[in-house]
Amino acid sequence: MDHTNIQNIIDLDECPLGNATFIELCRKKIEENGVLTLPKFLNGQVIKYLVEEGSAAQHKAFYSNSTHNVYLTKNNPDYDDEHIFNRQVVSSKGCITDDQVPESSPLKTLYQSNIFRDFLATVLNEKKLYEYADPMSSINVHYASEGQELGWHFDNSSFAITLLLQAPEAGGSFEYIKDLRDSEAGEMNFEGVESLLDGIKKPEILKVEPGTLVLFRGKNSIHRVTPTIGNKTRMLVVLAYNTKPGVSLSKSAQMTFFGRVA
Ligand SMILES: O=C(O)CCC(=O)C(=O)O
Ligand SMILES: [Fe+2]
């Protein structure tokens, strides 16, 4: 199959990305719900191909076994260690970077495709989207093997774009609470976050199957991925774009996420 042709990668019958009615429907959905899922986005053959490609590269993954607070900041010594601001959660997934994804990969065609990028920009209310200026950050493939997870957090970026390639036998589910804080207003909602982490407040669970495209606004909506259960690795692609050209991920963030600097 020709992987340089976008029509072989996206199922454009299920997801007509150039259709004005479809685009407007998607824009409304993410505006109202903070999340948009497009099941069957990827062509079935391409999912299989990408799982094989991803499995072949898994040995190159960098595993960051780190603890962090939900706000993804350093601890604040004004609060004691038990305070919810300083409470630590675990993130333990592995990741490969854009420069480790083959040039022949359908992921490169998808990432660069104009129809896809224009669709994303319109749906996300952005003028235009740009690739990262550094060679590592644009396309990442994440791996979560048995017991690995992504702890509760609010994203630094205002939107995230993911594609699940392989779901584990159990676990690995994406949980979230919409608008649990208001970062623009400086409202961190310690009570709400504590109630969630203590298991009192219950999150929503996002239903995601392999091949589903997810657009998620995670800056104010706390989310996590529960630990993988069983031998099958959870494999997920993160497509990262900027709203301005020429932006690189900071060296310290490269070190944290990728274990090396470009
Ligand atoms: O793995 C996922 O589904 C979500 C990833 C995520 O939340 C992140 O990378 O910030
Ligand atoms: Fe996130």
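Every number here is computed from the coordinates shown, using simple stated rules; none is lab data. It should be emphasised that the depicted structure is a prediction, and the values quoted were computed from it without experimental measurement. Cβ coordinates were reconstructed from backbone atoms using ideal geometry, including for glycine residues, and neighbour counts include every protein chain displayed.
Odds and ends about this structure:
- Test: residue in the stretch 71-93 that is within 30 Å of I9 (Cβ to Cβ) and in contact (Cβ under 8 Å) with a residue 40 or more places away in the chain: yes
- Set side by side, the residues K60, K28, K74 differ, and just one is at negative phi, in contact with a helix residue (DSSP H, G or I) (Cβ under 8 Å, 6 or more places away or on another chain) and loosely packed, with under 14 Cβ neighbours inside 10 Å, which is K60.
- K28 being within 12 Å of V123 (Cβ to Cβ) and within 22 Å of the chain's Cα centre (by Cα): yes
- Filter result for L150 (within 30 Å of Q45 (Cβ to Cβ), buried (at least 20 other Cβ atoms within 10 Å of the Cβ) and within 12 Å of ligand 2 (Cβ to nearest atom)): yes
- Scanning the stretch 122-172 for residues that are among the aromatic types (F, W, Y), touching a Lys or Arg at 6+ places or on another chain (Cβ under 7 Å) and either under 26 Å from N69 (Cα atoms) or assigned to a loop (DSSP other than H, G, I, E, B) (or both) yields Y143, W152, F154, F159.
- Scan of the stretch 184-199 for residues that are of a type in the set (S, T, N, Q) and at positive phi, ordered by number: N189
- The lone criterion from (1) assigned to a loop (DSSP other than H, G, I, E, B); (2) buried (at least 17 other Cβ atoms within 10 Å of the Cβ); (3) more than 16 Å from ligand 2 (Cβ to nearest atom) left unmet by L180 is number (3).
- Tallying residues that are under 15 Å from Y63 (Cα atoms) and away from ligand 1 (no atom under 11 Å from the Cβ) within the stretch 229-260 yields 8.
- Breaking point among (1) free of Cβ contacts under 8 Å to residues at least 12 places away in the same chain; (2) within 22 Å of F258 (Cα to Cα); (3) assigned to a helix (DSSP H, G or I); (4) of a type outside the set (S, T, Y), for E53: (1)
- No other residue among T67, T21, T4 is within 30 Å of H83 (Cβ to Cβ) and either over 21 Å from the mean Cα position of the chain (by Cα) or exposed (fewer than 14 other Cβ atoms within 10 Å of the Cβ) (or both) apart from T67.
This table checks each residue for (1) away from ligand 2 (no atom under 16 Å from the Cβ); (2) over 27 Å from L124 (Cα atoms); (3) without any contact (Cβ under 8 Å) to a residue 12 or more places away in the chain.
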residue	(1), (2), (3)
L164	no, no, no
A167	yes, no, no
F190	yes, yes, no
K201	yes, yes, no
L206	no, no, no
E209	yes, no, no
V214	no, no, no
V237	no, no, no
M255	yes, yes, yes
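- Annotation: E175 fulfils all but one of (1) closer than 25 Å to C15 by Cα; (2) part of a loop (DSSP other than H, G, I, E, B); the unmet one is (2).
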